[in-house]
Amino acid sequence: MNAEKSLGKDVEARVAAWIAAVGRVPPGGFTPVERAEDLPPQARADSFFWCDTIFRSETNPHNEALGARHALHAATADTPDLVRHEYAAGGLDLTVTEGRNFVLVQVDRSSVDILSLCGPDRVAAVRRVADAIFNPGGAYTLDPAVPVACPPPGMTPELDEGTGFSSNPGVDPDLLACWRDRTECGVLGGRLYFLCYKKSSQRAGYANASQWFDDGSSRVA
């Protein structure tokens, strides 16, 4: 097995584990909070920073004009600390779930029924949605504007239930210098999703996902 295939399997396992952890939260497992300011301090600071960095201002869940509904889920034996934002922006009904190490964006089927489209139209729709949601420059970077390209330009893969793709499959998520260097996208439960890494060059590895709300500092590889 070559290095890229090995990396791909490792990343697929990590992404699947993160998404599965979100899915294990039972109905009613999120506790509503009246305002984002009421989130635990470290989670609140991280959420504001990463949402300002990743999203366009008009799709940022912390944009008060959007009236997002915020909620939190405290870690259990098999789920991490999570923050959820539900709102509509840019003609899209969105559920954004943040863990300490990732941002998962799920697009409601009422907005984009991706599986009802024909093959190439599915990929085109994914790219349109990514362009509408994500900040091409980033509020805290001097990098030039670069759109999130998932799947990568020139590729028209089959996009079906359970499939997933990366914007830059050769890049190791552990070594990202900027969140835009690699983004995942796919379809699960009929819904289009994107997964962004909360990763910068100043941060080695990923943090303990179950200690976000209590400001723990343990690191995991």
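The values are calculated or read from the model by the stated rules, or taken from the named source; none is laboratory data. All values derive from a computational prediction rather than experimental measurement. All Cβ positions, glycine included, derive from the backbone under ideal geometry; neighbour counts span all protein chains shown.
Condition test on Q106, is it in contact (Cβ under 8 Å) with a residue 40 or more places away in the chain and part of a strand (DSSP E or B)?
Yes.
Return the total of residues in segment 25-48 being farther than 17 Å from A209 by Cβ and surrounded by 12 or more Cβ atoms within 10 Å (Cβ to Cβ).
3
List the number of the failed condition for I114; all other conditions in (1) within 16 Å of the chain's Cα centre (by Cα); (2) buried (at least 22 other Cβ atoms within 10 Å of the Cβ); (3) not polar (S, T, N, Q) hold.
Going through the list (1) within 16 Å of the chain's Cα centre (by Cα); (2) buried (at least 22 other Cβ atoms within 10 Å of the Cβ); (3) not polar (S, T, N, Q), I114 breaks only (1).
Test of understanding: among A124, A77, A16, A89, which residue is of a type in the set (G, A, S), out of contact with any Gly (no Cβ under 6 Å at 6 or more places or on another chain) and either in contact (Cβ under 8 Å) with a residue 24 or more places away in the chain or crowded, with 22+ Cβ neighbours inside 10 Å (or both)?
After applying the criteria, what remains is A89.
Quick check, is D93 charged (D, E, K, R) and in contact with a strand residue (DSSP E or B) (Cβ under 9 Å, 6 or more places away or on another chain)?
So D93 passes the test.
Please work out if H70 is touching a Pro at 6+ places or on another chain (Cβ under 6 Å), at pLDDT 95 or above, buried (at least 21 other Cβ atoms within 10 Å of the Cβ) and not in a helix (DSSP H, G or I).
Taking the combined requirement at face value, the residue does not satisfy it.
Looking at V22, V11, can you tell me which residue is at pLDDT below 95 and crowded, with 17+ Cβ neighbours inside 10 Å?
Only one candidate passes the filter, namely V11.
Of all residues in segment 152-186, which are of a type in the set (V, I, T), over 13 Å from the mean Cα position of the chain (by Cα) and under 21 Å from A17 (Cβ atoms)?
Matches in segment 152-186: T163, V171.
Look through segment 19-56, keep the residues that are without any contact (Cβ under 8 Å) to a residue 24 or more places away in the chain and small (G, A, S), and return whichever of them is farthest from G164 (Cα to Cα).
Filtering segment 19-56 for residues that are without any contact (Cβ under 8 Å) to a residue 24 or more places away in the chain and small (G, A, S), the one farthest from G164 (Cα to Cα) comes out as A45.
Does any residue in segment 142-168 that is modelled with pLDDT of 70 or more and surrounded by 12 or more Cβ atoms within 10 Å (Cβ to Cβ) come within less than 7 Å, Cβ to Cβ, of a residue that is in a strand (DSSP E or B) and aliphatic (A, V, I, L, M) six or more places away or on a different chain, and which pairs are these?
Listed pairs, sorted by first residue: L159/V187; D160/V187; E161/V187; T163/V187.
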